[in-house]
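Chemist: Quick one: the structure is below, questions incoming.
The values are calculated or read from the model by the stated rules, or taken from the named source; none is laboratory data. Quick caveat: nothing in here was measured; it's all calculated off a predicted structure. When we count neighbours, we look across all protein chains shown, and the Cβ atoms used for this are built from the backbone with ideal geometry, even at glycine. Ligands, DNA and RNA are excluded from the accessible area calculation, which covers all protein heavy atoms including side chains. Shrake-Rupley method; radii C 1.70, N 1.55, O 1.52, S 1.80 Å.
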Amino acid sequence: MSFGSYLLPPDRITEFLTEAGLVVSARLLEEPGEGQRRQRVCLLARKPEPS
């Protein structure tokens, strides 16, 4: 397992993962709260299963 933190829009990160051949299986999007300026997203991505 690995973890990364990036200051990119959530849709752009999802796009990068998909372009890399990964399957995004879960997405949790948190809108900015008090004192925050950006959305936060937690993505769960995996390698596709071989055919």
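Chemist: With each run of n ≥ 4 DSSP H residues scored as -39500 (n - 2.57), what mean residue ellipticity at 222 nm is computed for the chain after dividing by its residue count and rounding to the nearest 500 deg cm²/dmol?
Modeler: After summing the helix terms and dividing by the residues of the chain, the value is -6000 deg cm²/dmol.
Chemist: Toward the positive end of the charge dipole of the chain, about the Cα centre and with charges on Cβ (Lys, Arg +1; Asp, Glu -1), which of 5, 29, 18 goes farthest?
Modeler: So the residue we want is 5.
Chemist: Let me ask another. Loop-only GluC sites (Glu not before Pro) in the chain, please: DSSP not H, G, I, E or B, and at most 13 other Cβ atoms within 10 Å.
Modeler: 34
Chemist: Here's another thing I want to ask about it. Report, to one decimal in Å, the Kirkwood hydrodynamic radius for the chain based on all distinct Cα pairs.
Modeler: Averaging 1/r across every pair of different Cα atoms and inverting gives 12.1 Å.
Chemist: Suppose all protein chains stay in the model; what accessible area per residue would a 1.4 Å probe give for segment 1-47, in Å²?
Modeler: 90
Chemist: Related question: In whole percent, and with a 1.4 Å probe on the protein chains, what portion of the accessible area of the chain is carbon and sulfur?
Modeler: 55
Chemist: Angle, helix 10-19 long axis vs. longest principal axis of the chain, Cα atoms, 0 to 90°, nearest 10?
Modeler: 10
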